[in-house]
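Remarks on the structure that follows.
Nothing in this text is a laboratory measurement; each read-out follows from the coordinates by a stated rule. Keep in mind it's a predicted model, so treat the numbers as computed, not measured. We place every Cβ from the backbone using ideal geometry, glycine too, and count neighbours over all the protein chains shown.
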Amino acid sequence: MTDTTYNGWTNYATWRVNLEVFDGFNPAEYYSKFDPEDTYGLAKSIEQYAEEVIFECAEIPDGLAMSYALAFLSDVNWYEIAEHMVEEYTEGEGQ
């Protein structure tokens, strides 16, 4: 079995998306109904957010580059990023 972890994250895609899309992202500021107890819901929301970012940056929304970008996003562990966000949020709130 091959180890695919990267810098302490599940894989390279998860690490890179967290770093480049969500670094400094405060879910409480972005989501009016943010609930730190609903990590699964946050994971689904940030996945949609990342896809929106990709679509906004795409010059050709149905082109080859978009296809590769979406394939890259499919490797991301969204739940792991959401857990990390909740942890940072709760630490920042003094909880």
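Overall size of the chain from C-alpha positions, given as principal axis extents largest first: 45, 37, 20 Å.
Within the range 1-71, the trypsin sites (Lys or Arg not before Pro) that combine a DSSP coil assignment with at most 13 other C-beta atoms in a 10 angstrom radius are LYS33.
Full extension of the chain between ALA58 and MET1 yields a length gain of 17.0 nm, computed as 0.36 nm times the residue separation minus the alpha carbon distance. Taken as Cα centroids, the range 25-41 and the range 62-95 sit 13 Å apart, rounded to the nearest whole angstrom. Here's the picture: charge each Lys and Arg Cβ at +1 and each Asp and Glu Cβ at -1 in the range 12-92, and of VAL21, ALA71, VAL86 the one pushed furthest to the positive end of that dipole is ALA71. Dipole check for the chain: with +1 at the C-beta of Lys and Arg, -1 at the C-beta of Asp and Glu, and the Cα centre as origin, the magnitude is about 220 Debye.
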